[in-house]
Amino acid sequence: MLGDLFPSRTITLYLARLFISRILGILVMLVLVLQMLDLLSESGDILAVPGNGEAQLWYYVSLRTPQLIARFLPYSVLLATLFTFWPLNQNSEVIAMRAAGLSAHQILAPLLLTAGVISLVSFTFNETVVVERGGTLKAWNKARYKPLPKDTGIRTNVYVPDGANVLTAQTVSGEGQATRLEGVTWYRRDAAGMVTEQWRSPRASFANPGWRIESPMKFEVASTQQTAMPSQVIATGVTPAQLAIGRVDPDGQNFVALSRSIKALKASGRRVTELEGKWWHKFSGPLSALLMPLLGSVAAFGLARSGNLWIRAVIGMALGFAYFVVDNAALAMGNFGGYPPLIAAWAPFMLFLLVGETVLVKTEE
């Protein structure tokens with residue numbers, strides 16, 4: 001069975017070795033150049049903070065490099081495909097393989113197998129190294145490269161729907177039944193969604209169910225009257241677990257943690273379309289490396305002496321870059337609700353898989 005899918009062991013190892021060496025070479029070149037340019041643009045802000053020096057610059061590099069590797073690995077696979085097939089076609093090695101009875105799919109099989117392994121490695125790398133370093137870098141960037149404070153567990157500017165009503169708090173501290181709210185505002189709304197009352201309180205504690213607000217001030221919208229009220233229990237539909245979920249960064253969580261966050265956000269009634277699209281893309285994104293040999297294989301077939309080899313290479317590069325454009329556009333449409341999250345994440349992959357297979361069949365003739 002394997003003999004029908006792959007060429008001989010010698011040819012398989014030969015093509016795989018060429019492919020891997022070019023992927024590594026292109027990836028190292030891209031990451032080094034882009035990291036230097038990125039460091040030049042950020043080094044001024046980093047060194048502007050008192051106490052920052054060379055150690056902080058290297059720390060920035062250690063956080064940024066995994067992101068660059070994850071982002072440009074598929075591009076490296078695409079360019080490596082072209083740089084592998086171009087000389088093979090130019091030197092008539094592809095013609096020799098075809099003359100030996102190998103089909104286009106058999107010639108492409110070692111590269112697809114290698115790209116599949118790279119996709120698996122990329123997924124593992126993204127879910128372990130990139131999410132951790134990316135989350136730290138984003139927090140450090142928001143702090144303008146000042147030393148990061150220790151996580152106190154305090155969440156700020158929390159917004160939670162309570163059925164038709166809305167509960168907000170400036171800060172939320174503690175966990176479970178020991179959760180405390182400060183700067184509490186509760187909006188009572190009618191069936192049409194209009195605010196009828198506003199309750200403000202300096203603090204609130206969990207009353208199981210609901211939240212007991214201290215020294216609240218009640219404002220009635222219809223009469224524009226404000227009244228001091230005794231302690232009240234409000235927002236009986238809001239639980240401490242719903243308040244524990246703040247803003248979720250999908251790029252800073254692996255797919256397991258993101259699954260839990262999505263589930264908690266759904267329970268609190270929040271919109272999770274964007275997060276679900278990013279969750280699916282954690283699987284479809286690394287598989288883009290598997291598409292690149294298929295899209296770039298247009299440079300492998302056709303006679304080099306026909307003068308169309310350069311055009312074939314440009315077509316292969318255009319197909320590869322078109323995939324990334326369509327992929328980003330589909331994710332953006334999914335974030336706005338234009339596509340379901342599953343379609344937004346997987347439709348570009350399936351579309352270009354069919355396009356690549358069609359081009360391969362047509363060009364091998």
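The values are calculated or read from the model by the stated rules, or taken from the named source; none is laboratory data. In this text, all values refer to a predicted model and were calculated from it rather than measured experimentally. Note that each Cβ is placed from the backbone with ideal geometry, even for glycine, and that neighbours are counted across all protein chains shown.
Just to verify a result, which residue in segment 10-23, among those that are exposed (fewer than 15 other Cβ atoms within 10 Å of the Cβ) and either of a type outside the set (D, E, K, R) or in contact with a strand residue (DSSP E or B) (Cβ under 6 Å, 6 or more places away or on another chain) (or both), is modelled with the highest pLDDT?
S21
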**Prompt:** In the set L2, L37, which member is of a type outside the set (K, R) and either at pLDDT 90 or above or in contact with a strand residue (DSSP E or B) (Cβ under 6 Å, 6 or more places away or on another chain) (or both)?
**Reply:** L37
**Request:** Scan segment 197-232 for residues that are surrounded by fewer than 14 Cβ atoms within 10 Å (Cβ to Cβ), touching a residue at least 24 places away in the same chain (Cβ under 8 Å) and in a strand (DSSP E or B) and jot them down.
**Result:** E220
**Near pairs, Cβ below 8 angstrom, 6+ apart or cross-chain, from segment 335-363 (over 27 Å from L275 (Cα atoms)) to any residue that is of a type in the set (F, W, Y)** = L360/F301; T363/F301
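For every residue, the table says whether it meets (1) more than 30 Å from T136 (Cα to Cα); (2) buried (at least 16 other Cβ atoms within 10 Å of the Cβ); (3) touching an Asp or Glu at 6+ places or on another chain (Cβ under 7 Å).
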| residue | (1), (2), (3) |
| --- | --- |
| L30 | no, yes, no |
| S41 | no, no, no |
| A70 | no, yes, no |
| W86 | yes, yes, no |
| Q90 | yes, no, no |
| M97 | yes, yes, no |
**Request:** With respect to I26, determine if the residue is under 30 Å from R98 (Cα atoms), surrounded by 14 or more Cβ atoms within 10 Å (Cβ to Cβ) and among the β-branched types (V, I, T).
**Result:** yes
**Message:** Looking at segment 153-185 only, could you name the residues that are modelled with pLDDT under 80 and of a type in the set (D, E, K, R)?
**Reply:** R155, D162, E175
**Asked** Does W279 qualify as being touching a Leu at 6+ places or on another chain (Cβ under 6 Å), more than 30 Å from A344 (Cα to Cα) and modelled with pLDDT of 85 or more?
**Response** no
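In segment 171-221, which residues are touching a helix residue (DSSP H, G or I) at 6+ places or on another chain (Cβ under 6 Å) and among the polar types (S, T, N, Q)?
Answer for segment 171-221, where residues must be touching a helix residue (DSSP H, G or I) at 6+ places or on another chain (Cβ under 6 Å) and among the polar types (S, T, N, Q): just T179.
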**Message:** If I ask for residues that are in a helix (DSSP H, G or I), small (G, A, S) and surrounded by fewer than 17 Cβ atoms within 10 Å (Cβ to Cβ), which ones from segment 309-345 would you list?
**Reply:** A318, A322, A329, A332
**Request:** Scan segment 237-245 and give yes if some residue there is at pLDDT 80 or above, surrounded by 14 or more Cβ atoms within 10 Å (Cβ to Cβ) and either among the hydrophobic types (A, V, I, L, M, F, W, C) or under 30 Å from R64 (Cα atoms) (or both), otherwise no.
**Result:** yes
